[in-house]
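Read the structure below first, then the notes.
The values are calculated or read from the model by the stated rules, or taken from the named source; none is laboratory data. Quick caveat, the model's predicted, so the values are computed rather than measured. Glycine gets a Cβ as well: all are built from the backbone with ideal geometry, and neighbour counts include every protein chain shown. Keep in mind that these areas ignore ligands, DNA and RNA; they rest on the heavy atoms of the full protein, side chains included. Shrake-Rupley method; radii C 1.70, N 1.55, O 1.52, S 1.80 Å.
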Amino acid sequence: VIFTSGATEANGLALWGAVEGAIDHSETEKSARFTRLFVSAIEHSSVLKTAQAVAERVAGVRLEILPVTANGLLDLEALRVALREGKGRALVAVMAANNETGVIQPIADVSRLCREAGALLLVDAVTAAGKIYLDAGLCDYMTLSAHKLGGPQGAGALVVSDGAPLAPQITGGGQQKGLRAGT
């Protein structure tokens, strides 16, 4: 668990940190580098805009926006096809529950598709946390915001699974195991 200034920072740390961490790791294992980012069409701007910036600034990374069905659910068949068609490792970002519509995404199904394809999964759990059951073991990165759980504004967290690549975005100190500087 890495504490952040909120979910926006946590989402940024997850996206930039995963991509850059995989680049650092790719010297020893070529398949570790991400070449594809898949983001659902209904993601919060902190995920969507950051994913766009990553794809624009990191050579070899392509962004694809995944469609949702008429009822607001991620189109699982579109995800399955996207994961199967491209080459290289993928990072998929899906919010657990939409902050505007309340639609709850089928995270277990998304996770299964990602695992089968060797993709990693970022779940923005801000809206869902504390309201529905969430299994952090289904994803590689999960973001949270304290104020959505009755805590103070200006505090969030990124939960990272063991072995998931992550490069720090705020450096200058060894706090939080060197993954986010600041006391």
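Please give the number of the condition residue 39 fails out of (1) closer than 20 Å to residue 98 by Cβ; (2) more than 14 Å from the chain's Cα centre (by Cα); (3) modelled with pLDDT of 95 or more.
All conditions are met except number (2).
From 48, 73, 134, 63, which residue is at pLDDT below 95 and either over 25 Å from residue 5 (Cβ atoms) or open to solvent by 30 Å² or more (accessible area, probe 1.4 Å) (or both)?
134
Can you tell me which residues in segment 76-95 are in contact (Cβ under 8 Å) with a residue 40 or more places away in the chain and open to solvent by 20 Å² or more (accessible area, probe 1.4 Å)?
86, 87, 88, 89, listed by residue number.
Of these, 35, 8, which one is touching a strand residue (DSSP E or B) at 6+ places or on another chain (Cβ under 8 Å) and in a helix (DSSP H, G or I)?
Of the residues listed, the single one that is touching a strand residue (DSSP E or B) at 6+ places or on another chain (Cβ under 8 Å) and in a helix (DSSP H, G or I) is 8.
Please determine, by comparing only the residues of segment 161-183 that are aliphatic (A, V, I, L, M) and open to solvent by less than 40 Å² (accessible area, probe 1.4 Å), which one is nearest to residue 112 (Cα to Cα). Even if it seems obvious, please write down each step before you answer.
Filtering segment 161-183 down to residues aliphatic (A, V, I, L, M) leaves 164, 166-167, 170, 179, 181.
Subsequent filtering for residues that are open to solvent by less than 40 Å² (accessible area, probe 1.4 Å) retains 164, 166-167, 181.
On the way: 164: 17, 166: 22, 167: 25, 181: 34 Å.
Among those that are aliphatic (A, V, I, L, M) and open to solvent by less than 40 Å² (accessible area, probe 1.4 Å), it is 164.
Report yes if residue 87 is assigned to a loop (DSSP other than H, G, I, E, B) and basic (Lys, Arg), otherwise no.
When the stated conditions are applied, residue 87 passes them.
Taking segment 106-122 only, how many residues are surrounded by fewer than 20 Cβ atoms within 10 Å (Cβ to Cβ), under 13 Å from residue 74 (Cβ atoms) and of a type in the set (Gly, Ala, Ser)?
Total meeting the criteria: 1.
Name the pairs: first residue in segment 118-142 and touching a residue at least 60 places away in the same chain (Cβ under 8 Å) and closer than 22 Å to residue 165 by Cβ, second residue among the small types (Gly, Ala, Ser) and crowded, with 23+ Cβ neighbours inside 10 Å, Cβ to Cβ under 6 Å, at least 6 apart or on different chains?
From segment 118-142, the pairs are 122/14; 122/93; 141/14.
Would you mind stating whether residue 20 is open to solvent by 20 Å² or more (accessible area, probe 1.4 Å), in contact (Cβ under 8 Å) with a residue 24 or more places away in the chain, closer than 16 Å to residue 122 by Cβ and not hydroxyl-bearing (Ser, Thr, Tyr)?
Yes, satisfied.
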